[in-house]
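Below: one structure, written as structure tokens.
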Amino acid sequence: MEFQKNLLEYISQSIMTAGETIAVAEGVTSGCLQLAFSQMPNASLFYKGGMTAYTLPQKVKLLQVDRGEAEECDCVSENVVRTMALNVAKLFESDWSIATTGYFTPIRNSMYKIFAYFSFSYKGEIILTKKLELHPKTQALNAQMYYTEFILGCFKSEINQLLILK
């Protein structure tokens, strides 16, 4: 699994220059973002860690997602991913966080669609939440990789807005 080297270097350099940190909470990407951050230059200086909370009980237990709400939407909603982002940042005491939840294969709960929500938090505030939809015939691993690369690209844009353009 290879990531765009220049993208990883850019994110790494930007976060380190600002003297800030990041943590990740993943569902649908199932560790791909954590792998990407671990591949960044000097990761141990800014990447605090992450978790894959794949099931409803783990999202509730580890990330304080509301059980009733999670049951209603199969853990896939804007509010669930925002809660995940805010709480992983608290858990790891990081400035930044990224969270993901969604589907990488079409199932009945997703109305046979493939989509994901992702959210970024910065210093205790949600700064971006988006839904990303893919063609239902997208292969599972391709969907996870696409989500990961797309999210990293969006993260680069947010870093530009908040850190570089200050």
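Tallying residues that are part of a strand (DSSP E or B), farther than 19 Å from GLU26 by Cβ and among the hydroxyl-bearing types (Ser, Thr, Tyr) within the stretch 121-166 yields 0. The set of residues in the stretch 117-136 that are closer than 18 Å to ASN87 by Cβ and not charged (D, E, K, R) comprises TYR117, PHE118, SER119, PHE120, SER121, TYR122, GLY124, ILE126, ILE127, LEU128, THR129. Considering the stretch 17-34, the residues that are hydroxyl-bearing (Ser, Thr, Tyr) and over 10 Å from TYR54 (Cα atoms) include one that is surrounded by the fewest Cβ atoms within 10 Å (Cβ to Cβ), namely THR17.
Among the residues of the stretch 106-129, those identified as surrounded by 13 or more Cβ atoms within 10 Å (Cβ to Cβ) and without any contact (Cβ under 8 Å) to a residue 40 or more places away in the chain are PRO106, SER110, LYS113, ILE114, PHE115, PHE118, PHE120, SER121, ILE127, LEU128. Residues being more than 14 Å from the chain's Cα centre (by Cα), open to solvent by 60 Å² or more (accessible area, probe 1.4 Å) and either closer than 16 Å to TYR147 by Cβ or of a type in the set (Val, Ile, Thr) (or both) are entirely absent from the stretch 67-81.
The values are calculated or read from the model by the stated rules, or taken from the named source; none is laboratory data. Keep in mind the model is a prediction, meaning the values are calculated, not measured. Neighbour counts run over all protein chains shown; Cβ positions are idealised from the backbone, glycine included. Side chains included, ligands, DNA and RNA excluded: accessible areas come from the protein's heavy atoms. Shrake-Rupley method; radii C 1.70, N 1.55, O 1.52, S 1.80 Å.
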